[in-house]
1. Mind jotting down the three principal axis lengths of the protein assembly as shown based on Cα atoms? Whole angstrom, largest first.
2. Taking only Cα atoms and a 10 Å spring cutoff, compute GNM fluctuations for chain B and point out the largest among B:ALA378, B:ALA310, B:ALA256.
3. In whole Hz and in residue order, list the ³J(HN,Hα) couplings for segment B:243-259 that follow from phi through the Karplus curve 6.51 cos²θ - 1.76 cosθ + 1.60, θ = phi - 60°; x for Gly and Pro.
4. Running a GNM on chain B with Cα contacts under 10 Å, which residue among B:SER249, B:SER165, B:SER154 ends up with the highest mean-square fluctuation?
5. Would segment A:97-201 count as rounded, prolate or oblate if I go by the C-alpha gyration tensor, calling it rounded below 1.5 in a/c and otherwise prolate when a/b exceeds b/c, oblate otherwise?
6. Select from B:HIS16, B:HIS78, B:HIS58 the residue whose mean-square fluctuation is largest in a Gaussian network model of chain B (Cα-Cα springs shorter than 10 Å).
7. At 0.36 nm per residue, and after removing the present C-alpha to C-alpha distance, how many nm does the segment from B:ALA240 to B:LYS138 gain when stretched out fully?
8. Taking every pair of alpha-carbon atoms in segment B:192-344, what share in percent sits in each 10 Å bin, from 0 to the bin with the longest distance?
Amino acid sequence: MSAQAIFSVSGLTKRFAEGEAEVLVLKGIDLSMTAGEMTALLGPSGSGKSTLLTILGTLMRASGGTHEMLGVDLMQASEAQRTEFRSKHLGFVFQFHHLLSDLSALENVMMPAASAAGRETPAMRERAMELLDAVGLPDRMNYRPSAMSGGQRQRVAVARALINNPVLVLADEPTGNLDRQSADQVMDLIRSINQTMATSFLISTHDEHIAAQCSRRIELLDGRIIRS
Amino acid sequence: MNPYAVKLAIRHLLSHPGQTALLMAGVALGVSVFIFMSALIGGLATLLTLRTVGSIPHIVLEMPDRDPATLSPNAHKHVVLQKDLSRRDQIAIWQPVIPIIEQTSGVTAVSPQIRGSAFVERGQTVAPVGVIGVMPGKLSDIANIEAAIVDGSSNLPADGILIGSRLARDLGLRVGQVIRLSSDRGRTRSFRIGGIFTLGIASADRQAVYMNFTTARALYDLSTGISRIEIKVEPATDAADIAERLRRSTGLKATAWTEDNAQLFEGLDAQARTGTIIKAFSLVTIIVGIASAMLLSIVRRQSEIGIMRAMGASNGLVISIFVLEGTLIGFIGAIVGAVAAWFALLPLPPVTEVSSGGLPIDRQQGDFLLAITLTTLAATLASILPARRAARIDPVEAIGA
């Protein structure tokens, strides 16, 4: 792993059992990312993008290969260690916002930090307000998700991903559920955060327009990286 | 307790107020049934006990059985004991014993008595009766005869007696009439009927004849001794323990009312068991209801649980949220049910004043605290399995990533 690399995977494979047969979804992925990178992960449906993102996000274990991040061997780490690691160093943005319907925008942004600490603190509240301000929703802090538009919800989801100051945000089709205008707003926001906060983003997409806004592109086909 | 788990549990409950209120109403109903059954079973036991022990002595002290001592204790020999039944066992030295009994804790009334069998003769009709000679002022210490007088008065002059209403009816007797009474010691005297009582106990109303202590002494040839000492205690259910203490302190044979009423206790036991089963069923209903509701809630919130897990929420936090949710439903439902039961039972009369056909409910025996505690515990238990299931939700599957 190079000096600036935040994560590195090598020979990464993932098998799924389908009945008695096994399907090899990832067939030996070698990949690393440096701090501050904004990378697009492209590929058609079924190419393994989401599976790779899920493994990099420690939500699923790889079947083989190595997976290190910030000096931690995540293949060997226990589930509890992986959960703690995820909470401290990783952020997620999904195609659907997945905000908690019973919480306000501000409370949703605080949720990852409050879950880890067991309580909401004034410092968390202040940081969440800053983030909502940064994503352009200072006047929507006390709104429930049901009272916001799709684009606004996704911007809240981006703010939520940043609450713990993660090194890397994994975004799985973050604009896939938005109209073009909202998608552009979200991408502008991600780019701005990447530049101002030096947070790395790995964005899974099959939209060339999105990929064009990233500093690096990785193409995946049939479980293999074909261009990096 | 994790404050964030408490906050999320409360938010879950408030997000569907109708469903939460319905669940709590179900729990409240179960708790009301629990309390109602406790109050009814307890009240019924109190009523039966009151009615059973109200007019009888709780403890009777008599001379111990005086079997002749065997000369040889060798177990291989047959020994025949012969009792002289013609001799009347009397408590010869009884005055020093009375203060000992009165100072015994739990004892509320002491009545030294002279008892014996007799025949009442009226014309050609003869009826067997049991004579009870009571000391002045102690007529109502055991059975409340003064309150049971239906005709005449409760005064007991030397030539006066009080008889039961059934005896009066059987022999066609009225207050003021004079009857002849022959004791089993061969003494015969004439008495004027001073009063007629109805205790509601058939044997007493047909056979009991109350008379002056001194008159009875003469009728039964007891110059100094007495036949027995009857005692009332409080609470009546402690009679067996108090009887044992009196046996040790007085050396007399002490018989508690519980020994002669084993069937009553069996009946009360069976009744209590039935009540326990009904209460257990109401708790099971609460458990099933809460567990089902929690499972539904978890299915509905699957993706939210998944996102929390993905964002680093620990298993413990997820379990805490849902266990707290179930516990809050149980606790608040139990409080509501207990309060509702309290007010519902408020207008009912106390057991001592319940009329015939009325429900003998004793609110004090409603086990309110027990019902709240057990229901809250049951709700917590009911939530544990669904909560563990929530913690096992795979974030990847739940989010659909």
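1. Projected onto its principal axes, the Cα set of the protein assembly as shown covers 130, 64, 45 Å.
2. B:ALA310
3. In residue order, the calculated couplings are 4, 5, 5, 5, 4, 6, 7, 10, x, 8, 6, 10, 10, 7, 4, 5, 5 Hz.
4. Result for chain B, Cα springs under 10 Å: B:SER249 fluctuates most.
5. oblate
6. Of B:HIS16, B:HIS78, B:HIS58, the Gaussian network model singles out B:HIS78 as fluctuating most.
7. 34.4 nm
8. 7, 17, 19, 14, 12, 11, 9, 6, 4, 1
Every number here is computed from the coordinates shown, using simple stated rules; none is lab data. All of these numbers come straight from a predicted model, not from anything done at the bench. Neighbour counts are summed over all protein chains in view; Cβ atoms, including those assigned to glycine, are modelled from backbone coordinates with ideal geometry.
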